[in-house]
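Read the structure below first, then the notes.
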Amino acid sequence: MEPRLDHIDENEVLRYLQYHGPVTSHEILSDVARCSGQILDTARPRAVWRIFDWDPDRPLPGTDFTPGGQDIRRLLKTCSQVILFGATLGAEVDGLLRRAQIRSMADAVILDCCASAAVENVCDNLCADLAASLPGYLTDRFSPGYGDFPFAQQPEFCRVLDMSRRIGVNLTPGGLMIPQKTVTALLGRSDRPQPRRSRCESCGMHETCEFRKEGASCEN
């Protein structure tokens, strides 16, 4: 199963750029299309995942890692297994963003938003491929820093997946991942159909989100 980047959602990029309504500027739309093309040409997506039996009262088998927080327990309430994954666009995209910051900050901002939308597409595709290849039903994905799943567990999460060796992702002393367009998340596997949840319910930006202040969401 190979990670796939096959689309960058224009509307998602515009939301990251904080456009909340219809966009009529042909210049902005043209810049988004141009920058999306650069990300698609440059990205070298890589991903790693592991499947574990799930017992909320024990570390994941073969590890000393227990995902923390009550949100995880609720998410995995009916699940017998949990899948940990990490996905990245690769160091090449970081290089593209650095060069853009020197050449044009306007391009750098748009490229950054396109890259954020791109890594979400990689994650969406990976979750869809896992759902198609595994029996049962998968939950939504949940990342460190969402809800009460501690961001401080990011180093343990990455260590369990051996992300440095397997996909070239390393952590700064502050816990940020390099390459920067990298996502870690977990999802559960259950024999029962799983409800779809709004990301707003568990997003770490829930209280300060500019979209919510205007009665909107970054999902639509």
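Given the C-alpha atoms of the range 64-116, compute the convex hull and give its volume per residue in Å³. Write out the running numbers ahead of the final one.
Values: hull volume 7.5 nm³, N = 53.
Per-residue hull volume (Cα only) is 142 Å³.
If a paramagnetic tag sat 7 Å from the Cα of residue 151 along the Cα-Cβ line, which residues of the range 171-198 would have the backbone N under 16 Å from that point? Answer for the range 171-198: 171-178, 180-185. Adding -39500 (n - 2.57) for every DSSP H run of four residues or longer, then dividing by how many residues the chain holds, sets the calculated 222 nm ellipticity at -12500 deg cm²/dmol.
Each listed q (0.15, 0.23, 0.24 Å⁻¹) maps to a log10 I(q)/I(0) for the range 104-173 from the Debye sum over equal C-alpha point scatterers, namely -0.76, -1.22, -1.21.
Count Lys and Arg as plus one, Asp and Glu as minus one, and take only other residues whose Cβ is under 10 Å from that of residue 113; the net charge is then -1.
Note on residue 178: accessible area is roughly 80 Å² with a 1.4 Å probe, heavy atoms of protein only.
Let me check I've understood the local charge: for residue 54, count other residues with C-beta under 11 angstrom from its C-beta, Lys and Arg +1, Asp and Glu -1. What total comes out? Please list the in-between numbers first.
Details: positive: 58, 73, 77, 189; negative: 53, 55, 57.
Result for the neighbourhood of residue 54: +1.
Residue 106 to residue 132: extension gain in nm, 0.36 nm per residue of separation minus the Cα-Cα distance?
Numbers: separation 26, 0.36 × 26 = 9.36 nm, distance 3.95 nm.
Gain in length upon complete extension: 5.4 nm.
Using 1/(1 + (r/R0)^6) with R0 = 25 angstrom and r between the beta carbons of residue 196 and residue 98, what's the FRET efficiency to the nearest 0.05? So the FRET efficiency works out to roughly 0.10.
Choose one answer from 105, 177, 163: the residue with the largest mean-square fluctuation in a GNM of the chain with alpha-carbon springs under 10 Å. Of 105, 177, 163, the Gaussian network model singles out 105 as fluctuating most.
The values are calculated or read from the model by the stated rules, or taken from the named source; none is laboratory data. All values derive from a computational prediction rather than experimental measurement. Reconstructed Cβ throughout: ideal geometry from the backbone, glycine too, with neighbour counts over all protein chains shown. Ligands, DNA and RNA are excluded from the accessible area calculation, which covers all protein heavy atoms including side chains. Shrake-Rupley method; radii C 1.70, N 1.55, O 1.52, S 1.80 Å.
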